[in-house]
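What follows is a set of notes on a single structure, which appears directly below.
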Amino acid sequence: MTSRERILSVLKNADGCRIIDHHVEKVTSDKQSPTRMRYDHYLKQLAAERLVVTLTGVQGSGKSSILNAIAFDNIVLPIDVPETTCVPVEICGAVEPSSEAMVYFVDGRTERIPATEENLNRYVHQTYNPGNTLGVDRIVLQSDRPIFRSGMVLVDLPGTGSLTEANKETTRAYLDEAVGVVFVIRTVPPITRSEAIYIGLQWARTPFAFFLQNRWNDETFHESNSARDHNQNILKDIASRNRIVIEGAEPIHVVNAYAALEGVLNDDTTGLEESGLTTFLKALDDRARVWTEQLTAGIAASVETDFITALKEVDDSTELLSADREQIEDRIKQEEKRFESYIQKVKLRQQGLSDDLKKLIKTEEAWRTNWSNSSGAQLRNNMRTKFRQGIIDGSRLEKAMHDEESLVLNDALEHMGESIVASQVGLCDIFEGIDEWKISRPDCFKVVSKEERTKYENLARPILSAGGGVGGLVGGTYAAAKIGAALGSPGGPVGAIIGGVVGIAIGGLLGSYLGGKTREKVHEWTAPEKEVFDAIDDFISQASKDLTKQIGEYRTKTEANVTKWKETQIGKFEAERRKRQDIRDAEKHEKANMQKILEKDRNRICELLSLIRVGSE
Amino acid sequence: MSQTLNASRSVCSQLIDLLERRGDIARVAVLRMLDVRLHNPQAYVTLVGETSSGKSTLVNALLKRQILPVGAQPTTATVTHVVCRHETGEQFFAIYRDATQENIDRSRFDSLSLSPTADLLRLQVRCKPGDANFAGLHVFDTPGYNSILNAHEEVLESFLPESDVVVLVVGYRTGFGQVEQDLFEMVSETACIDQQVPFFLAVNRSPPSAHAEDSRCKEILNKMQDCLGCTPPVVTIHSASTTMDFPPGQESASRIPEASALWERILNEINKPARLKAVEQKLCQLLVNIIYEVDFDLERQELKYEANEKELEEIKEQSQMLKKARDDSLAAVDTMAKRLEDILPRLLKQGIDSLITKSAQEIDATGKWTGAEDCIAWMEGHVLPFGIRELAHAMESFIADELERLDRELNEIANTAVRQMHSRARLKSNAVIAFAGNIARTLGERIGGAFAHNLFRAYGGVGGAAAGAGNLVKMGVARAGRLIGKTFSRQVYNTIGRTFTKKFLKRLGAVVAVVIEGILYVYESKTWQGKLKEKVKEALIEWKSETLTDLKSTQIPAIRKNNEESVRTFYDDLLADEDSGEQCKEDVCLLEETRSLRTDLASLMARLKDAGILLRDNG
């Protein structure tokens, strides 16, 4: 059996699952099995049916050209579309790829269409599907290129910008599922402030990241190198701002998207190689394959920790069974004391978080007041200038005003994004060193060396966030805590919290909805100044309200996540105490029965553990 | 005056003696100014406003006689510095760009004011104000804001940050138009280096019935608020129709309005106890900074003189590390500037290309439902300036990213050097450790923004100091802040970057106006769209080439130069021996002299401490 097969058999073992439910999760049998859900999630990940890698990049980054070159023999994904409706497009591997694309709608309908640029345009082009009125959830295409053989699924994700409400959730789900991300950046302009925020948020929560810098034909090598140096510096900053562990500078792959596409269309292998795409794909493929191994190792570590903890619980109970009442009482008291000091520590940190968030709300409020004043003034001045230039006609004014509003709004959104990122880093500091509540037995703890820990660091990071989105998959947050525990590193609430709030931050950045909203209000302009200035006031106060709401939501959800996490720990402790009380109050024959069950469980645990351990050695 | 001020005065003059013995010309020059300033209260007032808004008239009103030329035509084409003093008699000076000055007569003064020569920096009048209370006031009358953009920027950037009070002058009848909006937005951006600068809004040439609460003034104030982000007090100055009490025979006197309400308020503002106290503190702090610098200097000298051969060698090695840090810093600045040279033109080209496309689309879309006139207004009023603003914004944030990163890199280089100097000291002898400690403290001070040693350079050397144009109090803040510190180069960016967009727009306005001018009158209903597209393209390409030239020959070199200067200011004086290759002689006399100077300095410090002036912990 390979290590992968062994871990699969452990994950599928119903008995093992019950043991973890009982001894580690401490749930009663009538409840839904959290371990089963988690292990099923692992199974799905290990099955490697899907290794989701997202591609993100702003308009004009060459993302569509690159995807076409990667997956197809001709142009299938529309390129040069000035305004695409943001519909996620998924490309997955198939031995005999279908020549059709599957369109999934929000309401559950599906539709098969020929996989051609012309047909896809009907769903992704702003003209045919403005604001995604068609309600498209996602489009799935197939490709037989070797890059997909590892199970990789490439997803063309809408970047920052206009993500319609309809497929926001789909996008989030893709982000949660993603194990890798390819950021397509431009040579000129190099990474902008909004891009930097977006990259930071997504990079921090995805196991591996690739940076692909597109060089158009009219950009010289010299320019491209210079821009690459600049981008590299920016990435270094983003990494340090987001506490992302990287070794040295993150390499940026320079690819000429146009040349790559030409190479594919003309079957010109040399041209394709010179474009840089081949090298990039090789790196991506290597990474994807290594990732599968890392994932197996990570899951094995997580499951091993489960069983070690279970073993300790079993031994603890066995010991108590032969102890007298007084000894059990002592033990209960001792644990109560230990828990008391643990929970105090958690509460203290929680208070620290609360204070921090309060401060954040305050500084943001001050910032917003300042922003409101200066943006109002700026808008009024800019509109005055336009009046003086003779722009007093209704629709013209409306358009001009909309442009101006989008500028000041963008500033505010960028600022908020940066604040939230900074706040998250602060949050990691606050909870540094706080682990889940767990049984204290000095023996048989798996000691992880420092080197090993670094090795797992990048693994811990992704799992920390995988599936942690709001209402996302169940497994992810557990995995985060579990892996953290296995590594002896802070596996505390941070994973749960960050997973939960990043979604909000991203949601907040996709904020052009605001502009759209206010635009309706200004529709009836006839005479300038007063009406325009009133509209400016409306816009500022509406934007302010929305920003307040966003940041408030960030605070509420963050606090709620911490509270929930804390309550889980309390629940675990209480279950432990109940268990000990049960043993204390049990009759002799009951004890004998318990003893028997424990022995059986112990054997099972050892059996499964040895299966995992052989695998990991 | 307070005790601290008295103590400062005497310490200052003693320090001058001490440094004169040492031949430290640069610091002596700064201290002499400080000395003057400690004895005489001063305040700097700058007047800004549109051409012919009556700024010079307001200054004449302060002097209660016509000294500055006034007229319907623009009469002030250069900055005039009015020094109010107790002595009677008027003296006129021309101050040149090479920091020399010349005593000139009245008629030469008048003619230079109207049409200044290229080498003229500014004019200066020293005279007695109408009311003796105003002695000590330095008033800067600036040229009106018009299309001579670069000249005006220089004016704003050099005078506003150093002003204690800024008077914004708007004509009651002419009101607040686009020119005012552009000017005062710029003023607000330039002045905000020191956010405490008080503004006064002088509504000039108002009819007798006008007052600060009337609708006209309110409208002006409203618009002013949107430029400044604050509400300045409003003072109306009535036209000089009624005669004032002037000696007969002076016809021009009748043209001088009564503006004492304005000047009294300014005087009140200047004499606010809080401000006076802050000024006093700043002056004392400056003195303290200079003392520390001198002490650090002398300590290094002393250590070098005292050191034995082996120690000296190691001290030299340490200086080498410092030298390397400086060279690395300069190299970092160079790399940064080169990246700007590579990327900015590219950004510019790309932005203009897409703006040309966008403009063409807009013009095509327009024709269907409106005419040429409307379309031209739309292009001029929104599409083009908005596009340019977006482009400027992209360029600005690229520069900001580069400078922020450079800032961190420079700080890192400095910190690494300091750490290395400590850890690599092999001898661990007192002299070597003390030397490293001295450098660490000195650099620490500088990172914190204490930069007295650069003030001299900031004044433009001896000549600039003698001309006495700098506001010592403000300079201490603005200059030091503008140098190294947590915001190593951010400040440099601010001074350059903030006005970047404005400059862009101004130039665009000029180009577009010229190119589009004719088209309104000659267009034909069928062909105007094509022609307009061509013209817009032409205008944008011309703008691009002008901007590119400006970037390459002015903006980027300025960024490079400012940062290089920051680095040099940071290290050069510490490396003077290293750079000159001078050997440190073991000179018993020098050692003793240095020691005695340090003893004197220590007693000066003690005096300041006794006087309650806070000395920093020199640990």
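Key figures
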| item | result |
| --- | --- |
| Test: residue in the range B:220-240 that is touching a Pro at 6+ places or on another chain (Cβ under 8 Å) and modelled with pLDDT under 90 | yes |
| Candidates A:Pro82, A:Pro78, filtered to the one that is in contact with a helix residue (DSSP H, G or I) (Cβ under 9 Å, 6 or more places away or on another chain) and either part of a loop (DSSP other than H, G, I, E, B) or modelled with pLDDT of 90 or more (or both) | A:Pro78 |
| Counted residues, the range A:170-198 - those being within 14 Å of chain B (Cβ to nearest Cβ), under 23 Å from A:Asp286 (Cβ atoms) and assigned to a helix (DSSP H, G or I) | 0 |
| The range B:4-53, residues that are assigned to a loop (DSSP other than H, G, I, E, B), more than 21 Å from the chain's Cα centre (by Cα) and not β-branched (Val, Ile, Thr) | B:Gly23, B:Asp24, B:Asn40, B:Pro41, B:Ser52, B:Ser53 |
| Residue match in the range A:108-126 (condition: in contact (Cβ under 8 Å) with a residue 60 or more places away in the chain and either surrounded by fewer than 18 Cβ atoms within 10 Å (Cβ to Cβ) or in a loop (DSSP other than H, G, I, E, B) (or both)) | no |
| Matching entry among B:Ile363, B:Ile352 (being at pLDDT 90 or above, assigned to a helix (DSSP H, G or I) and either surrounded by 19 or more Cβ atoms within 10 Å (Cβ to Cβ) or more than 9 Å from chain A (Cβ to nearest Cβ) (or both)) | B:Ile352 |
| Boolean, A:Trp371 is touching a residue at least 40 places away in the same chain (Cβ under 8 Å) and either within 12 Å of another protein chain (Cβ to nearest Cβ) or outside any helix (DSSP H, G or I) (or both) | yes |
| Pick from the range A:234-270, criterion within 14 Å of another protein chain (Cβ to nearest Cβ) and more than 15 Å from A:Phe183 (Cα to Cα), ranking: farthest from the chain's Cα centre (by Cα) | A:Ala249 |
| Which listed residue, of A:Lys345, A:Lys358, A:Lys362, is closer than 25 Å to A:Val408 by Cβ, away from chain B (no Cβ under 14 Å) and within 35 Å of the chain's Cα centre (by Cα) | A:Lys362 |
| Scan of the range A:53-69 for residues that are modelled with pLDDT under 80 and either in contact with a Cys (Cβ under 8 Å, 6 or more places away or on another chain) or at negative phi (or both), ordered by number | A:Val58, A:Gln59 |
| Residues located in the range A:203-233, provided they are assigned to a helix (DSSP H, G or I), within 24 Å of the chain's Cα centre (by Cα) and either within 13 Å of chain B (Cβ to nearest Cβ) or crowded, with 22+ Cβ neighbours inside 10 Å (or both) | A:Ala204, A:Asn231, A:Gln232, A:Asn233 |
| Candidate set from the range A:1-52 (those that are outside any helix (DSSP H, G or I) and of a type in the set (A, V, I, L, M)); member that is modelled with the highest pLDDT | A:Val52 |
| Number of positions in the range B:178-221 that are closer than 17 Å to A:Ala377 by Cβ and either out of contact with any strand residue (DSSP E or B) (no Cβ under 9 Å at 6 or more places or on another chain) or outside any strand (DSSP E or B) (or both) | 19 |
| Residue within the range A:381-399 that is under 18 Å from A:Ser544 (Cβ atoms), in a helix (DSSP H, G or I) and within 14 Å of chain B (Cβ to nearest Cβ) present | no |
| Residues that are polar (S, T, N, Q) and either more than 9 Å from chain A (Cβ to nearest Cβ) or under 26 Å from A:Asn410 (Cβ atoms) (or both), drawn from the range B:367-411 | B:Ser397, B:Asn411 |
| B:Leu347 vs. criteria away from every other protein chain (no Cβ under 14 Å) and either surrounded by 22 or more Cβ atoms within 10 Å (Cβ to Cβ) or in contact (Cβ under 8 Å) with a residue 40 or more places away in the chain (or both) | no |
| Members of the range B:68-106 found to be in a loop (DSSP other than H, G, I, E, B) and either surrounded by 20 or more Cβ atoms within 10 Å (Cβ to Cβ) or among the hydroxyl-bearing types (Ser, Thr, Tyr) (or both), listed by number | B:Leu68, B:Val70, B:Thr75, B:Thr76, B:Thr78, B:Val79, B:Thr88, B:Thr100 |
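The values are calculated or read from the model by the stated rules, or taken from the named source; none is laboratory data. As the structure is a prediction and not an experimental result, all values here were calculated from the model. Positions of Cβ are generated from backbone atoms using ideal geometry, with glycine treated the same way; all protein chains shown enter the neighbour counts.
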